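Have a look at the structure below, then the notes.
The values are calculated or read from the model by the stated rules, or taken from the named source; none is laboratory data. Because the structure is a prediction, the values reported are computed rather than measured. Please note: Cβ atoms are built from the backbone with ideal geometry, for glycine as well, and neighbour counts cover all protein chains shown.
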Amino acid sequence: MSGVIAIPLATPATTPKKRSKPKKTGPTVSDRILKVVSASNDRSGVSLAALKKSLAASGYDVVKNNARLKLAVRRLVAKGYLLQPKGTGASGSFKINKNKAVAKKKKPTKNQAKKVGAKKVRRASPKKATGAKKSPKKTKRKSPKKAKRPAGAKKPKSPRKTKRRVAKSTRAKAAPKKK
C-alpha cells in the first residue's frame, strides 16, 4: 500500500424542522371586543380596564396579548365599529356604533351579487362613437395658504444693536494753503 488513508466524507448536517403551532380556532380579538362592548349597557360605554377584565374572565390572556388588544381597539374605532365618547387612542371608554353594526351584518346573497355584476356592463353611447375626443379640463392649482400664527406665538424681538458714536476730535482741521 502507498500509505493513503481514506477519510469518510462529512454528511451535511440536517437541521431539525421547526414545527409550526396549529392555528387556534375561535373568535378573533376584534370579535371578542365587539361582543363584550355590545353586552354592556352602560350609557357612557365600557372602559379599557373593564374591557380587559371581562376578556380575562372569558379566558383570553390579556397580559400576553396587551399590544394586540390595544391595536384591535384602535382599528375598531378607526373603522367605525366602536365609538369613543371619552379619551383618545386605546384609552377612554368605548360604545358600539349601532349604525355600523347593523350594516356589517347584512351581506348580499349570491343571487343579488350576480344581479349587481350584470348591471356593471356599460355600452358605448352613440354620441361618443363619432370619434371626437374631448380634451381634459385644466384645473388651476391654488397655492397653499400659510398658516397664521396665533397672537401669543410671536417671535421675541432681539435686542437692538446700538451704534457706536465716534467721538469728534476737538481740533479744527487745517485749511488747505493757497498758492
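In a helix (DSSP H, G or I) and among the charged types (D, E, K, R) - does that describe any residue in the range 32-49?
Narrowing the range 32-49 to residues in a helix (DSSP H, G or I): 32-39, 48-49.
With among the charged types (D, E, K, R) added as a condition, the list becomes 32, 35.
Within the range 32-49 (the criterion being in a helix (DSSP H, G or I) and among the charged types (D, E, K, R)), the answer is yes, since at least one residue qualifies.
Report the residue count in the range 62-81 for those that are assigned to a helix (DSSP H, G or I) and not hydrophobic (A, V, I, L, M, F, W, C).
Residues flagged as assigned to a helix (DSSP H, G or I) and not hydrophobic (A, V, I, L, M, F, W, C) within the range 62-81 amount to 6.
From Gly89, Gly59, grab the single residue that is at positive phi and either modelled with pLDDT under 90 or assigned to a helix (DSSP H, G or I) (or both).
Unique residue meeting the criteria: Gly89.
So that you can scan it fast, the table gives a plain yes or no per residue for (1) modelled with pLDDT of 90 or more; (2) loosely packed, with under 10 Cβ neighbours inside 10 Å; (3) of a type in the set (Asp, Glu):
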site: Lys53; (1), (2), (3): yes, no, no
site: Val77; (1), (2), (3): yes, no, no
site: Ser93; (1), (2), (3): yes, no, no
site: Ile96; (1), (2), (3): yes, no, no
site: Ala101; (1), (2), (3): no, no, no
site: Lys106; (1), (2), (3): no, yes, no
